Amino acid sequence: MGRIIRNIKKVRQLISDFRQYRKRRGIYTCSVSYFVDNKRFSRGVVLVSGGTSGIGLAAARMFLLEGAKVIIAARNQSKLDKIINEENNPNLSAIQLDVSDISSFPMKLLNASEIFGDINIFVNCAGVYETPQEYMTLSDKYEYIMNINHKGMYGANLAECEYLKQCNIKGKIINISSVAGEQYHCTPYALSKWGVNVITKALAMQMAEYGICINAVAPGNVPTNISQWHRELDRNNLYTEQHRNHRLVLPEEVASLILFLASDSANSIIGQVIGIDGGFIK
Ligand SMILES: NC(=O)c1ccc[n+]([C@@H]2O[C@H](COP(=O)([O-])OP(=O)(O)OC[C@H]3O[C@@H](n4cnc5c(N)ncnc54)[C@H](OP(=O)(O)O)[C@@H]3O)[C@@H](O)[C@H]2O)c1
């Protein structure tokens with residue numbers, strides 16, 4: 001008798017689980033729990049361009065949690081001020097810069113290095129995106145996107161390598177590319193990210209002998225502020241048809257990969273573009 005009652009309870013539980021499963025179908029959520037070692041970056045001074053939003057801000061916060069001193073950089077001074085006020089952390093500072101102004105970058109970098117001392121980790125996250133509508137024409141968007149995502153990335157990498165070499169620092173550079181950088185889409189954004197991959201791979205080979213380690217991460221779709229489409233993505237339901245695991249990538253997941261590449265655990269990873277895209281459907 002007891003066995004029959006236990007079996008009936010089991011069947012009821014199964015039916016209830018199945019109902020729950022059906023209710024949740026189409027709703028994909030995710031919470032990120034990550035390993036935090038508050039000593040991993042206790043000697044780290046990090047400059048994060050594009051650090052006021054999305055992936056860059058998530059990375060800046062994660063570096064702070066793991067003991068680093070962090071300088072965030074972006075164009076909009078009021079956004080920088082707002083984040084500094086909100087975070088209220090003595091290990092966080094900010095500088096205003098536009099990465100497309102490559103002639104001013106080396107001086108900005110020196111100014112930044114006076115805040116907490118020598119910078120040994122650079123996260124080049126500043127970037128813009130335009131929904132491809134006029135991709136078969138050479139519109140103003142081409143100049144705008146290439147100047148920031150490609151020329152800005154190139155200028156930043158050259159200045160950062162020169163700085164690390166001059167100061168004899170064995171540093172890390174992590175560039176933010178995109179799945180678009182490996183797709184055959186003739187859009188300014190995709191072209192700019194192909195460029196990021198080439199810069200990463202080529203410079204990494206030249207710089208390895210100085211102990212400078214350069215890699216890139218290539219995210220799929222991440223709900224950030226980079227475009228109207230991205231801003232409208234539902235933060236409560238991460239479902240997407242574009243990823244094989246059916247959900248968007250969280251900024252914190254990308255940040256976690258950035259921190260891994262910046263850590264000593266990744267010292268033998270050189271010149272790689274590492275995808276983090278839920279198995280993006282190309
Ligand atoms: N979200 C995605 O689905 C996705 C996918 C693949 C790759 N990515 C890449 O990830 C990186 C970060 O994007 P996100 O999605 O986190 O976007 P986001 O939320 O819009 O953040 C972009 C950041 O870059 C800064 N920025 C833009 N232009 C700049 C410039 N000329 N100089 C300095 N800072 C500049 C922005 O601040 P200001 O506007 O104040 O300058 C902001 O802090 C980009 O390189 C993007 O291409 C994003």
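The values are calculated or read from the model by the stated rules, or taken from the named source; none is laboratory data. What you see is a predicted model; the values in this text were computed from it and never measured. Here Cβ is always computed from backbone atoms with ideal geometry, including for glycine, and neighbour counts include all displayed protein chains.
Couple of notes before you dig in:
- In the stretch 168-192, the residue that is nearest to Tyr210 (Cα to Cα) out of those that are β-branched (Val, Ile, Thr) and either under 15 Å from the mean Cα position of the chain (by Cα) or assigned to a strand (DSSP E or B) (or both) is Ile173.
- Within the stretch 126-165, being among the polar types (S, T, N, Q) and modelled with pLDDT of 95 or more holds for Asn147, Asn149, Asn157.
- Exactly one residue out of Gly117, Gly181, Gly127 is more than 16 Å from the ligand (Cβ to nearest atom) and in contact with a strand residue (DSSP E or B) (Cβ under 8 Å, 6 or more places away or on another chain): that is Gly117.
- In this structure, Tyr163 qualifies as assigned to a helix (DSSP H, G or I), farther than 23 Å from Thr131 by Cα and hydroxyl-bearing (Ser, Thr, Tyr).
- Contacts under 6 angstrom Cβ, first residue in the stretch 224-250 being near the ligand (Cβ under 9 Å from one of its atoms), partner among the small types (Gly, Ala, Ser) and not in a loop (DSSP other than H, G, I, E, B), 6 or more apart: Thr224/Gly54; Asn225/Gly54
- Qualifying residues in the stretch 84-111 (those that are surrounded by fewer than 20 Cβ atoms within 10 Å (Cβ to Cβ) and among the aliphatic types (A, V, I, L, M)) - the one nearest to Asn168 (Cα to Cα): Leu110
- Elements of type helices (runs of 4 or more DSSP H) contained in the stretch 1-116, each with 2 or more residues being closer than 27 Å to Asn225 by Cα and modelled with pLDDT of 95 or more: 54-65, 77-87, 105-116
- Matching option when the condition is of a type in the set (Asp, Glu) and crowded, with 19+ Cβ neighbours inside 10 Å, among Asp234, Asp277: Asp277
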